[in-house]
1. Hey, how many Å between the Cα centroid of region 39-71 and the Cα centroid of region 77-95?
2. Suppose R0 equals 41 Å; then what is the FRET efficiency for Glu73 and Ser94 from their Cβ-Cβ distance, rounded to the nearest 0.05?
3. Calculate, in whole percent, how much of the Cα-Cα pair population of region 32-111 lies beyond 19 Å.
4. Return the distance in nm (one decimal) between the two label points of a simple spin-label model at Ala101 and Ile83, each offset 7 Å from Cα along Cα→Cβ.
5. Step through the residues of region 59-74 one at a time and calculate ³J(HN,Hα) from phi using the Karplus curve (6.51 cos²θ - 1.76 cosθ + 1.60, θ = phi - 60°), rounding each to whole Hz and writing x for Gly and Pro.
6. Dipole of region 32-111 (Lys/Arg Cβ +1, Asp/Glu Cβ -1, origin at the Cα centre): which of Gly39, Cys98, Pro84 lies farthest to the positive side?
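Quick note: the coordinates plus some simple rules give every number you see, no bench work behind them. On a predicted model such as this, the values are computed, not experimentally measured, just so you know. Positions of Cβ are backbone-derived with ideal geometry, glycine not excepted, and every protein chain shown enters the neighbour counts.
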Amino acid sequence: MKWVLACCLCLIIPALAQANPTFLWSDAYDGGGLYDDHGDVVCITSDQHLVVAGSSHDGIDGSDMLVRKLHRETGAELWSRRIPAFDTSDMAVSGVACDAAGDVIVGGHILGCVG
């Protein structure tokens, strides 16, 4: 069995090494000021667009959750949703999933106490 796996890898790896990837676009997001903004998780929607979820700090309270849908060919923002932090606690994204119906499910948690 190991021999079969090794043979398959020997055939696949050279083909992957010869692939010539093409850079299509890039996107930068600035939530404001000199605060941290970063994407943590990504999924592809049923219409083949990209959803990026992460955290963004706008200078008010703590870091917010931010979810953005970007166009697959241009990187243009199709929509975004900001879930604000509570008090001075930060929000953090744990995962994102896109289903066949086009729904986006985001999970996360609050870092710190609320109230």
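1. Region 39-71 and region 77-95 have Cα centres separated by 8 Å.
2. Numbers: r = 29 Å, r/R0 = 0.71.
Working from the Cβ atoms, E equals 0.90.
3. Values: 1112 of 3160 pairs.
Cα-Cα pairs in region 32-111 separated by more than 19 Å: 35 percent.
4. It works out to 1.8 nm between the two label points.
5. x, 10, 6, x, 6, 9, 7, 9, 10, 10, 9, 10, 5, 5, 9, 10
6. Most positive-ward Cα: Cys98.
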